[in-house]
Amino acid sequence: MPETLEPAIDTNSFLLEVADVVNTSLDLETVLRRTAELVRRVIDYEVFAILLLNEKTQRLRVRFQVGHPADVAERISIRLGEGVTGQAALRRETVLVNDVSRVANYIGSGADVRSELAVPLIVKNRVVGIIDVAAGAVDYFTEEHKNLLTLIASRLAIGVENARLYGRVVKQARSLTLLNEISRELTSILNLDELLNRIADRVAELIDYQMFSVLLIDEAGERLQHRFSVRFGENVHIKHEIPLSAGIVGHAARNREPVLVADVKRDSRYIETNHETRSELAIPLVYKGKAIGVLDLEHTRRGFFTEDHMRTISTLAAQIAIAIENARLYEQIAREEKRLERDLAMARELQFHLLPKAVPVLRNAALGARFLPARAIGGDLYDWVPYSGDRLGLAIGDVSGKGAPAALFAALVSGFVRSHSASQPGAAEMLRLVNASLAARPIDAQFVSLVYAVWDDRARTIEISNSGLPRPVFFRDGKVQKIEVAGLPLGLFPGVDYEAVSLEARAGDVFVFFSDGLIDARNVAGELFGREGIEHIVAAHAGKSAEDLVEILFAEVGAYAAGVEAFDDETVVVFKVR
């Protein structure tokens with residue numbers, strides 16, 4: 001029989017040391033380790049363990065130990081009433097066994113144990129755990145050991161409870177911080193595949209799951225489709241679909257409530273997709289009151305997921321649902337944008353096909369033309385229609401607005417010009433006819449500024465009428481001259497008459513027709529290119545060919561407005577008399 005206490009140890013001083021250990025640290029591991037060291041000073045044990053009680057499962061599991069085989073200690077799970085420690089917890093009193101071989105329900109751990117002493121840790125009349133010491137000799141522990149360990153347990157119980165409470169608070173604070181960080185990150189990811197991968201990574205920081213899936217409800221709202229799955233760290237593709245009326249995940253989505261299952265083998269709702277699964281946690285993804293999917297976590301251990309896990313992931317699920325909807329909306333918009341880009345590209349090609357493919361060849365004049373839309377398609381137009389007797393009609397227009405609506409309206413105007421050209425009207429009459437056609441089919445806030453000219457190649461005369469486009473630049477005898485011709489835009493008022501100016505052309509005369517996109521072009525300082533800029537370029541390069549002059553005009557305007565997004569469509573038609 002060993003000595004119960006060494007004479008040098010003062011019980012009161014020793015208990016003060018114990019109180020100091022349990023009161024000066026809130027780290028549970030530190031408290032348990034230092035307690036084990038203090039106990040060894042008064043009881044020369046061979047095996048020492050502190051087991052804590054899981055209130056939900058009502059089982060004792062080893063939290064700290066000395067002397068047990070490590071792999072065995074990890075597996076120990078003792079129900080209340082089982083073995084020496086289970087009896088101590090159930091009876092809420094110290095149990096001293098002098099010879100464990102005589103205990104019918106003794107639970108061994110592989111250590112060479114003959115004597116065992118188990119003392120309950122009780123806080124506020126509630127058992128939180130057990131101090132368990134064991135030795136290899138029979139009748140090793142004494143009543144004095146029992147009394148002393150009971151006193152130690154009374155103080156340690158408070159320390160354990162404080163440390164566990166502190167640990168929960170710290171864990172909750174870390175979880176909240178991590179949840180906030182995760183929420184900010186996830187809502188910034190707009191690619192759905194990237195988002196789901198990141199969700200899996202971030203959830204793994206909160207819960208050490210083994211299997212994880214994101215299931216989304218299909219468009220019909222009847223089935224859950226596996227959109228993303230991870231199995232033991234590997235991404236896998238699962239084609240299995242689950243009706244909303246079936247399965248644990250179906251229940252979570254249908255009722256918009258989390259489902260925590262400790263043992264799926266005992267749950268009639270479980271649909272087996274992995275035979276290794278034992279516990280499952282399904283959290284619905286709810287967006288604006290409507291379930292859009294489910295987060296599904298699985299583990300091979302029974303009872304792995306806890307109420308804390310469920311609360312944590314439920315909190316995160318609200319932000320995940322928003323992030324998924326944002327990503328899906330972004331993908332939808334991206335698809336629509338691609339479709340719109342294809343449509344615009346086709347419309348652009350079609351619009352350029354509607355423009356004249358080549359300039360007409362005239363004996364006494366030359367033509368050059370170019371159209372540059374501010375966007376993919378635009379509302380400017382130019383066209384020429386042949387008249388009898390070596391005559392040619394020229395139309396240059398600028399529709400109000402930009403983009404597709406303006407392009408459609410420009411096509412409509414071109415159609416009217418073509419249809420009315422059959423009667424070979426004069427310049428002013430053409431404007432009146434087009435205006436009447438537009439007035440018969442009014443479109444709110446849509447009108448067109450149009451210059452129409454009729455060139456007689458045999459007589460070398462030109463007739464010009466204008467309905468709101470900038471006055472054409474007329475260059476003759478080395479200087480710019482004025483052509484005073486103006487009028488109201490077409491499509492605003494019915495019954496409007498227009499005037500025309502007729503000129504006898506001379507060799508070297510240059511007529512430049514243009515839309516206001518050129519004169520309204522701005523540089524980085526916000527200054528307009530202006531009509532003076534057009535006139536200066538025409539005067540400086542009047543000797544060039546019509547096509548060259550067009551290119552020079554666009555090059556000069558482009559250089560002037562470099563670095564500034566084009567505001568309006570730009571169109572130029574140069575008519576040069578040979």
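Some observations on this one:
- If you model the chain as an ellipsoid using its alpha carbon gyration tensor, with each semi-axis the square root of five times an eigenvalue, the axes come out at 96, 25, 17 Å, biggest first.
- Dipole moment magnitude, nearest 20 debye, the stretch 355-577 about Cα centre, only Lys, Arg, Asp, Glu C-beta charged: 440 debye
- Student exercise, the chain dipole from Lys, Arg, Asp, Glu Cβ charges, in Debye to nearest 20: 1020 debye
- Restricting the GluC sites (Glu not before Pro) of the stretch 209-260 to loop positions (DSSP other than H, G, I, E, B) with no more than 13 neighbouring Cβ atoms within 10 Å leaves E219, E222.
- Karplus-based coupling profile of the stretch 74-81, in residue order and whole Hz: 5, 8, 5, 8, 10, 6, 4, x, with θ = phi - 60° in 6.51 cos²θ - 1.76 cosθ + 1.60 and x standing for Gly or Pro.
- Of the DSSP H helices in the chain, those whose Cα atoms cover at least 24 Å axially and whose Kyte score averages -0.5 or more: 143-186, 307-354, 403-420
- Cβ-based exposure ranking for L80, L518, in which fewest neighbours within 10 Å come first: L80, L518
- Dipole of the chain [Lys/Arg +1, Asp/Glu -1 at C-beta], most positive-end residue of N326, L408, F554: L408
- If you take the Cα centroid of the stretch 488-505 and the Cα centroid of the stretch 62-93, the two points sit 104 Å apart.
- Here the stretch 316-438 yields Rg over Rh of 1.24, to two decimals, using C-alpha coordinates and the Kirkwood radius.
- Given charges at beta-carbon only (K, R positive; D, E negative), |dipole| of the stretch 211-359 in Debye: 140 debye
- Of the trypsin sites (Lys or Arg not before Pro) found in the stretch 473-575, those in coil by DSSP whose Cβ has at most 10 other Cβ atoms within 10 Å are K482, R506.
- Neighbour-count ranking [beta-carbon atoms within 10 angstrom, fewest first] of F514, F447, F371: F371, F447, F514
- Net +/- balance of residues flanking E341 in space, Cβ distance below 15 Å, scoring K and R +1, D and E -1: +2
- Relative exposure of T187, T142, T177, T312, judged by other C-beta atoms within 10 Å (fewest first): T177, T187, T142, T312
- Fraction of beta bridges assigned by DSSP in the chain that are antiparallel (%, nearest 5): 100 percent
- Restriction of the trypsin sites (Lys or Arg not before Pro) in the stretch 173-277 to DSSP coil positions whose beta-carbon has at most 16 other beta-carbons within 10 angstrom yields K239, R256, R269.
- Using the Cβ-Cβ distance between R102 and N191 with R0 set to 51 Å, the FRET efficiency from 1/(1 + (r/R0)^6) comes to roughly 0.15.
- Over all pairs of different C-alpha atoms, the stretch 11-170 has a mean inverse distance whose reciprocal, the Kirkwood radius, equals 15.5 Å.
The numbers here are math on the coordinates, done by the rules we state, and not lab data. Everything numeric in this text was worked out from a predicted model, so none of it was measured. Cβ: placed from backbone, ideal geometry, glycine included. Neighbour counts: every protein chain shown.
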